[in-house]
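Let me begin by presenting the structure, written as structure tokens, before commenting on it.
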Amino acid sequence: MVKKIAFNLFILFSVLTFSQPEIVYDEETNKPLNGYVEYIKKDTNIKVLEEDYVEGIKVEERNYYESGGIKKITKYDEGEKYLEKEFFEDGELSSKIIYKDGVGRLLVSKDEGNNSIFSEDGRIDRQSIMHDIKKVYYRGEDIFSGMSYDELYQKIDEKESKEEKIVEGPLSITRKYRYGILEKENIVEVEEGIYKESEKKLEEGNILSVYEEVTIYKDLPIIKGDIKKISYFPNGNKKREEIEVYKEEGKRYEIERIYDESEKLLQEKKYINNDLKDTFIDKGYEDYKEKVNKREGYKIKYPDGKIAYEKYSKDGKDIEKYFNKKGILVFDKETSKELYQAKVRRMADESYDETVVKKPQNMKKYRDDGTLFYEERFEDNKDATVFLIVSYYKNGNINFKEKETIEKSNDTRKKRIYELEEYDENGNIIRSIYHDDKKHSKKFYGDNHKLKYEEILEDNKGEVISKNISYYKNGKIKRDSEMIMPNYSSSIKSHTKLYDINGELKKEYN
């Protein structure tokens, strides 16, 4: 059954009650209503509200925009509200709240450039992104135990690095990514008087360092457990290994090992309580050290004859290649012997010189199966010098693409252009950044891969203009906000325009 009610003026309000649900009756049959009621604006004949009833009890309420799009859905159980969803005019979910005993818990919150989503049980479902600020929220097992959120992490620089921190009981994990690639990981576990820590990090020269430590402190004196420090060459073979083991009370056993690029053992030393007890030195170790220290070209092979590492010079460039034990190339670097230097202009600060110093190189990193996952390229042409960094997903699609262009000119201070693009695994753009000496812009794209939000900062002859623009799914502007800040003046002019889903101006204000 459908009932239609017309209003000259429509005002919607609701009161949350913990008493027995109100029963609505059908005026014609005088029985509890089964069906829904439509509320229509009389002057426009536009539907603004629908209510669903079962046995006279309201089970759902739907509010509409004048364009006909759904604005809000509210659901009830025995007359008590338990779910509320709000939508933007283009149908995208903007917020979701669940209720228990009259207390609401936000599960979804979306706004201009902001996206926070949590699972139904209150634990993190996915990390939120507010423009390019990544946040992770953690909640207790009972999502209604309190209204405050514990924000454990809010860190990302505006370019290519991201960090995350996860705390779950005694376990704490911190990870840092660069261009989508894990650069550092720290894991700490503290439980029942035992402290365990492990850390992995990519160091200068693409050497992977791994550290592990166990400490028992529940009884005095504090007892140190095993400690391991291992570093690896870019091909995954061990470079150096240090192990400390406390086997007996008062005795500490230490082992130090040094390897070449094929993981051949070159030197081993064993200690007990810092006293050297045993030493092994390979007969070729001194020749190896001399080659490395002279920085001359050399080649290291595996026992089966496959190349593990080679270094040589060609056309004024140093070339290094690492191969894994299967003979697959996993690291390839070509470095210029001369540094690149240039003074560049910075935005809105013409009196400030910044000097860029880089070592021109072409570098490629591969997975063990030979697929490319990271590369750096240096290009020098008549118009500009270009530094390019690209990282790749396992399927071969681009993850990050960073490009820095320094234009060639007779000016003492050169123009520099910085560009960054981030993509998902399917090749759809997520965000982009553009910087030069006059303009900064950031763009963020939605699930439909269309522009969702952008920030623009421009220096226009002394006036700094800041714009924030958000878009509907159909590409129409939703909100356009502008601030103008004249130099050497505290006065700021601002202007905001709001549009409907069809691009018609709804409201504007200063």
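Taking region 96-109, which residues are of a type in the set (Gly, Ala, Ser), more than 22 Å from the chain's Cα centre (by Cα) and within 30 Å of Lys452 (Cα to Cα)?
The one that is of a type in the set (Gly, Ala, Ser), more than 22 Å from the chain's Cα centre (by Cα) and within 30 Å of Lys452 (Cα to Cα): Gly104.
Listed residues Asn410, Asn468; which is farther than 24 Å from Val390 by Cα, open to solvent by less than 60 Å² (accessible area, probe 1.4 Å) and either part of a loop (DSSP other than H, G, I, E, B) or not charged (D, E, K, R) (or both)?
Working: Asn410 fails: open to solvent by less than 60 Å² (accessible area, probe 1.4 Å).
Only one candidate passes the filter, namely Asn468.
When Tyr288, Tyr312 are checked against the criterion of being aromatic (Phe, Trp, Tyr) and either part of a loop (DSSP other than H, G, I, E, B) or crowded, with 16+ Cβ neighbours inside 10 Å (or both), a single residue qualifies: Tyr288.
Checking every residue in region 489-498 against the condition of being open to solvent by 70 Å² or more (accessible area, probe 1.4 Å) and touching a Lys or Arg at 6+ places or on another chain (Cβ under 9 Å) gives zero matches. The residues on offer are Tyr53, Tyr64, Tyr76, and the sole one that is in contact with a Leu (Cβ under 6 Å, 6 or more places away or on another chain) and surrounded by 13 or more Cβ atoms within 10 Å (Cβ to Cβ) is Tyr53.
Any idea which residue in region 425-453 is surrounded by the fewest Cβ atoms within 10 Å (Cβ to Cβ), counting only those that are at pLDDT below 90 and acidic (Asp, Glu)? By that ranking, first place goes to Asp447.
Listed residues Asp447, Asp480, Asp459; which is over 22 Å from Gly91 (Cα atoms) and either among the charged types (D, E, K, R) or not in a strand (DSSP E or B) (or both)? Show your work before the answer.
Details: Asp447 fails: over 22 Å from Gly91 (Cα atoms); Asp480 fails: over 22 Å from Gly91 (Cα atoms).
The conditions single out Asp459.
Quick one: what pairs do we get from region 54-74, first residue aromatic (Phe, Trp, Tyr), second open to solvent by 50 Å² or more (accessible area, probe 1.4 Å), C-beta under 7 Å, 6+ apart or different chains? Between residues of region 54-74 that are aromatic (Phe, Trp, Tyr) and residues that are open to solvent by 50 Å² or more (accessible area, probe 1.4 Å), the close pairs are Tyr64/Lys47; Tyr64/Lys71; Tyr65/Lys71. Filtered by the rule that a residue be open to solvent by 50 Å² or more (accessible area, probe 1.4 Å) and not polar (S, T, N, Q), region 368-394 gives Asp368, Asp369, Arg377, Phe378, Glu379, Asp380, Lys382, Asp383, Lys394.
So if I check each of Lys408, Lys401, Lys476, Lys497, which one is within 21 Å of the chain's Cα centre (by Cα) and not hydrophobic (A, V, I, L, M, F, W, C)? Every option except Lys401 fails the conditions. Criterion applied to Asn362, Asn397 was being surrounded by fewer than 14 Cβ atoms within 10 Å (Cβ to Cβ), touching a Phe, Trp or Tyr at 6+ places or on another chain (Cβ under 7 Å) and modelled with pLDDT of 85 or more, and the one residue passing it is Asn397.
Between Lys218, Lys224, the distinction of being buried (at least 16 other Cβ atoms within 10 Å of the Cβ) and modelled with pLDDT under 85 belongs to Lys224 only. Residues in region 170-206 that are over 21 Å from Lys239 (Cβ atoms), part of a loop (DSSP other than H, G, I, E, B) and open to solvent by less than 50 Å² (accessible area, probe 1.4 Å): Tyr179, Gly180, Gly193.
The values are calculated or read from the model by the stated rules, or taken from the named source; none is laboratory data. Please read these numbers as outputs of a predicted model, since none were measured by experiment. Here the Cβ is made from the backbone with ideal geometry for all residues, glycine too, and neighbour counts use every protein chain on show. Please note that ligands, DNA and RNA were not included when accessible areas were found on the heavy atoms of the full protein model with its side chains. Shrake-Rupley method; radii C 1.70, N 1.55, O 1.52, S 1.80 Å.
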